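Report on the following structure.
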Amino acid sequence: MSTLLHRLGVWAIDYIDAGLVHTRSILTWTVPPAFSEGDPGKPTIVLIPGVYERWSFLRPIAERLNAAGYPVSVVHGLGYNLRPIVETSERLVRALSRVSANPAGRLIVAHSKGGLVGKHMLVSSTDELHLLGLVAVCTPFAGSRYARYVLGQTLRAFIPTHETIVSLGSNSSVNARIVSIFGGFDPHVPDGSVLVGATNVKLPVDGHFRILRQRETLDAVADAVDLLVRSSEASAVLGSVAAEGAGARTGGQTA
């Protein structure tokens, strides 16, 4: 009974939190000018919110990363992120391709459905957009069994057997460049957000929405971003060394 009461409490607080953020997003929808500023040696953070969300759901995370020197990009035109995952990914790719990438590249930070969109972007457009990786919070990488019980197509797209969920799940080529962050009990993603091959981080907090404002989450996201940046830099160095070695071997054979 205590577990049931706890979960009901998480549900209630989660929806209250989401309602408050929605209200604030109407009043404070302008993107802070400081988001466009940052250390030129750090990648631009691309925010992708979840379904029925505006970018402001990720505002606490964005402000934390911006304060650490990362420029932050908010892509307008997504509305409440109601379009299919693949279509949303393609729209984002087109929008970002029209803007010159930061020399240090881009790194996606997303919530819920946004993580699925972000993974599709990694699979389809990593080189085109210079994407270093994805930090996903509470993303239903394997779908959500609750989606079977809703009528709208927007949410039914999260049924575990949906073709997009299955397709993204079967493609593990980019999983090593994904950090999946989640809490103990998620009212919307009951089976968890573990992604095989990714770096999975479980936090001692609950919820699907209020987790976005918890200190533990902000710390975990900042650490995940730094991890992906370091991994990308290491990969670039190894790639350069390998290329130089191949060139030296080719040169020796030619001589």
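The values are calculated or read from the model by the stated rules, or taken from the named source; none is laboratory data. Predicted model only: the values in this text are computed from it and were never measured. Virtual Cβ from ideal backbone geometry, glycine too; neighbours counted across all protein chains shown. Surface areas here come from the heavy atoms of the whole protein model, side chains and all, with no ligands, DNA or RNA. Shrake-Rupley method; radii C 1.70, N 1.55, O 1.52, S 1.80 Å.
Okay, residues lined up against (1) open to solvent by less than 10 Å² (accessible area, probe 1.4 Å); (2) assigned to a loop (DSSP other than H, G, I, E, B); (3) touching a helix residue (DSSP H, G or I) at 6+ places or on another chain (Cβ under 8 Å):
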residue: Phe158; (1), (2), (3): no, yes, yes
residue: Val166; (1), (2), (3): no, no, no
residue: Ser172; (1), (2), (3): no, yes, no
residue: Val179; (1), (2), (3): yes, no, yes
residue: Pro187; (1), (2), (3): yes, yes, yes
residue: Val194; (1), (2), (3): no, yes, no
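The residue that is most open to solvent (accessible area, probe 1.4 Å), counting only those in the stretch 84-99 that are part of a helix (DSSP H, G or I) and aliphatic (A, V, I, L, M), is Val86. The residues listed here are Val117, Val93, Val74; of these, the one that is within 14 Å of the chain's Cα centre (by Cα), within 26 Å of Val196 (Cβ to Cβ) and not basic (Lys, Arg) is Val117. Figure legend. Inter-residue proximity from the stretch 31-53: first residues on the phi > 0 side of the Ramachandran plot and outside any loop (DSSP other than H, G, I, E, B), second residues open to solvent by 20 Å² or more (accessible area, probe 1.4 Å) and of a type in the set (D, E, K, R), beta-carbon distance below 7 Å, spacing 6+ or different chains. No pairs are indicated.
Can you tell which of Asn102, Asn81 is assigned to a loop (DSSP other than H, G, I, E, B), buried (at least 17 other Cβ atoms within 10 Å of the Cβ) and touching a residue at least 40 places away in the same chain (Cβ under 8 Å)? After ruling out the rest, the residue left standing is Asn102. Annotation for the stretch 35-57: no member residue is more than 21 Å from Val225 (Cα to Cα) and loosely packed, with under 14 Cβ neighbours inside 10 Å. On the given criteria, is Ser125 touching a residue at least 40 places away in the same chain (Cβ under 8 Å), open to solvent by less than 30 Å² (accessible area, probe 1.4 Å) and among the hydroxyl-bearing types (Ser, Thr, Tyr)? Considered against the rule, which asks whether it is touching a residue at least 40 places away in the same chain (Cβ under 8 Å), open to solvent by less than 30 Å² (accessible area, probe 1.4 Å) and among the hydroxyl-bearing types (Ser, Thr, Tyr), Ser125 comes out as no.
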